[in-house]
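This report refers to the structure that appears directly beneath it.
Derivation of every value follows stated rules applied to the coordinates shown; laboratory data play no part. This structure is a prediction, so every number in the text was calculated from the model and none was measured. Backbone-built Cβ (ideal geometry, glycine too); neighbour counts: all protein chains shown.
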Amino acid sequence: MDLDQYIRFLMALFFVVALIMVVAWVMRRVGMAGGTVRGRARQRRLSVVEALPIDAKRRLILIRRDDREHLILLSANGDLLVDSAPAGGFDSALAKSADTKAPAPSLTIPPAASAGSRPQ
């Protein structure tokens, strides 16, 4: 290879990198790159709280949207909404459960049988 081929190779490489950068800039200006919202006044409304892989093909995703949480099962066969509830987490669910729960029944133990008598 002589110097002319190296220069042509470098020029082609720089051209391709510049073309990729221009396409990325155009996509960002049009709004096709990512789901971000411009401006500091708006907060994100959607977030992934937790993701739990069940096996190689299924995964549970907990998504928070505004003031709601959605539990979604993702699989190769399709997606399934398992549960949708107000956001608040474990603490609020525990407090709500404690407010509505009836008192626990007391455990009564029968008197012990005498030592001389044994069940047959």
| request: Filter region 71-89 down to the residues that are of a type in the set (A, V, I, L, M) and touching a residue at least 12 places away in the same chain (Cβ under 8 Å), then identify the one that is surrounded by the fewest Cβ atoms within 10 Å (Cβ to Cβ). | output: 76
| task | Would you check which residues across region 43-67 are surrounded by 14 or more Cβ atoms within 10 Å (Cβ to Cβ) and either within 17 Å of residue 88 (Cβ to Cβ) or in contact with a Ser or Thr (Cβ under 9 Å, 6 or more places away or on another chain) (or both) and list them? | result | 58, 59, 62, 63, 64
